[in-house]
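Chemist: Handing you this structure, nothing more for now.
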Amino acid sequence: MKAIDVANLSYSYPNDMVALKNISLSIDEGEKVGLIGPNGAGKSTLLWHLNGLLPEKSARTACVHIMEIPVLETNFPLVRSMTGMLFQDPDDQLFMPTVHEDIAFGPQQLGKSSDEIDIIEQGVLTKVGLSGFERRHTNELSQGEKRRICLAGLLACDAKVLALDEPTSGLDPRGRRELRSLLLKMPETMLIATHDLEFVVEVCTRVIVIDGGRLIADGLAVDIFNDEGLMLAHGLERPHILRHSHPH
């Protein structure tokens, strides 16, 4: 099944700045795909369309489908429970005082009982490696812990598709390592927008390059990263991790 399907998506902001031009792509269930490109390429704008965070005219034409369901206003509750959006700054996402309240918020909106929520919470905290953090205050967590609690909150709503915006920003090497091993173990479909190309090499098999709102390339990570001309033309550099390996 196609987890994400985008067909001819174009989008302009109210100031007439064109952010996306005729983007088409599809991602299979369980794939982990890196979304790369220079600043202002349209990466975040594309992610926001996956759960209708930009419900203006472009989103009304059902250009985007999640698990074969069109991202239209009538489907927002369902689509948003299936599509977990991880924001660049975890402080934009954590809005309750304790870990327990933050994780419980989504399932409460979905009508789960407190017993069900407790079971869900234990499960997702175990999954992200933070069992026993229920009573912790969210403002006392490290950046890496905050990011993992945000992920736990998305999983608590049973998200099948994860849209991650710069997931490694602000993380120290340990936090980055922990996030990497966590994402590698997770079965969910992921579209990861990031400037951290080493992270893409470690986590994703496929890469999509966008620049100026256009889709430039879509293929195997190793092929795209080894295409020096393509990388340089779009303000990108071949990841160090590949510098010592041969293209094929």
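Each value in this text was obtained by applying a stated rule to the coordinates, not by laboratory testing. Note that this is a predicted model, so its numbers are computed, not measured. Note: ideal-geometry Cβ built from the backbone for every residue, glycine included; neighbour counts use all protein chains shown.
Chemist: Only one of (1) closer than 17 Å to L35 by Cβ; (2) part of a loop (DSSP other than H, G, I, E, B) fails for L171. Which number is that?
Modeler: (1)
Chemist: Taking the condition of being of a type in the set (D, E) and in contact with a helix residue (DSSP H, G or I) (Cβ under 6 Å, 6 or more places away or on another chain), how many residues in the stretch 108-127 meet it?
Modeler: 1
Chemist: Could I ask something else about it? What pairs come out if I take residues in the stretch 181-203 that are under 11 Å from P239 (Cα atoms) and pair them with residues that are part of a helix (DSSP H, G or I) and charged (D, E, K, R) whose C-beta lies under 6 Å away, six or more apart or interchain?
Modeler: Going by the 6 Å Cβ cut-off, the qualifying pairs are E202/R180.
Yes/no matrix, rows are residues, columns are (1) under 25 Å from G235 (Cβ atoms); (2) without any contact (Cβ under 8 Å) to a residue 60 or more places away in the chain; (3) among the acidic types (D, E):
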position: S24; (1), (2), (3): yes, no, no
position: C63; (1), (2), (3): no, yes, no
position: T74; (1), (2), (3): no, yes, no
position: V99; (1), (2), (3): no, yes, no
position: D102; (1), (2), (3): no, yes, yes
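Chemist: Go through the residues of the stretch 201-214 one by one and say whether even a single one is in contact with a strand residue (DSSP E or B) (Cβ under 6 Å, 6 or more places away or on another chain) and surrounded by fewer than 17 Cβ atoms within 10 Å (Cβ to Cβ).
Modeler: Yes, the stretch 201-214 contains a residue that is in contact with a strand residue (DSSP E or B) (Cβ under 6 Å, 6 or more places away or on another chain) and surrounded by fewer than 17 Cβ atoms within 10 Å (Cβ to Cβ).
Chemist: Does G235 meet the test of being surrounded by fewer than 20 Cβ atoms within 10 Å (Cβ to Cβ) and at positive phi?
Modeler: Criteria met by G235.
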